[in-house]
Amino acid sequence: MKIKTIRKNILLLLLACVTGIFINGCAGLSTVAGYQTLGTLEASSNASYQTYNQLVVSGQVKTNDLPIVAKAYNTFQVVMIQAIIQAQNNTNAPVTVDVQTAASALASTIATAQTK
């Protein structure tokens, strides 16, 4: 039970960081959170999605929201791939608004699914 609470708090913190990046742009919270580049934001979002899937497999989270979370992840991946292509495969490029929005939606969807 304690592990579930810790994981939920980590995901909520990720949501707060991603939302902070979205609101403040690439300065401010993004410097503290470390999500200044496409690569760091992608790694963080992938880790959150993998953690969510592990919780589903272990039975700690219901499977009802899995299709919704998977759709948000797929949307994030499409936007991320487009941004990386536009950045000429440079994952050190700054995070774009579209990617910030998709990452925020993914984090929010995961956090919502875990609280049910």
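What follows is calculated from the coordinates using simple rules that are stated; it is not laboratory data. Note that the structure is predicted; figures quoted are calculated from it, not measured. A quick note on method: Cβ atoms are made from the backbone with ideal geometry, for glycine too, and the neighbour counts reach across all protein chains shown.
Only residues that are farther than 14 Å from residue 38 by Cβ and of a type in the set (D, E, K, R): list them for the range 63-116, please.
First, the residues of the range 63-116 that are farther than 14 Å from residue 38 by Cβ: 63-75, 104-116.
Answer for the range 63-116, where residues must be farther than 14 Å from residue 38 by Cβ and of a type in the set (D, E, K, R): 65, 71, 116.
Might you let me know whether the range 61-82 holds any residue that is hydrophobic (A, V, I, L, M, F, W, C), part of a loop (DSSP other than H, G, I, E, B) and out of contact with any Lys or Arg (no Cβ under 7 Å at 6 or more places or on another chain)? Talk me through it step by step, then tell me what you get.
Restricting attention to the range 61-82, the residues satisfying the condition of being hydrophobic (A, V, I, L, M, F, W, C) are 61, 66, 68-70, 72, 76, 78-81.
Imposing the further condition that a residue be part of a loop (DSSP other than H, G, I, E, B) reduces the set to 61.
Of the ones still in play, those that are also out of contact with any Lys or Arg (no Cβ under 7 Å at 6 or more places or on another chain) are 61.
Checked against the condition, which is being hydrophobic (A, V, I, L, M, F, W, C), part of a loop (DSSP other than H, G, I, E, B) and out of contact with any Lys or Arg (no Cβ under 7 Å at 6 or more places or on another chain), the range 61-82 yields at least one hit.
From the residues in the range 34-58 that are part of a loop (DSSP other than H, G, I, E, B) and free of Cβ contacts under 8 Å to residues at least 24 places away in the same chain, which one is nearest to residue 86 (Cα to Cα)?
We begin by selecting, within the range 34-58, every residue part of a loop (DSSP other than H, G, I, E, B); these are 34-36, 58.
From what is left, the residues that are free of Cβ contacts under 8 Å to residues at least 24 places away in the same chain are 34, 58.
On the way: 34: 21, 58: 38 Å.
The selected residue is 34.
Can you name the residue in the range 59-70 that is loosely packed, with under 14 Cβ neighbours inside 10 Å, free of Cβ contacts under 8 Å to residues at least 24 places away in the same chain and of a type outside the set (Val, Ile, Thr) and is also farthest from residue 114 (Cα to Cα) among such residues? Please lay out each step first, then the result.
At the first step, the residues of the range 59-70 found to be loosely packed, with under 14 Cβ neighbours inside 10 Å are 59, 62-64, 67-68.
After this cut, where a residue has to be free of Cβ contacts under 8 Å to residues at least 24 places away in the same chain as well, the list is 59, 63, 67.
Restricting the remaining residues to those that are of a type outside the set (Val, Ile, Thr) gives 59, 67.
Working: 59: 12, 67: 14 Å.
For the range 59-70, the residue satisfying everything is 67.
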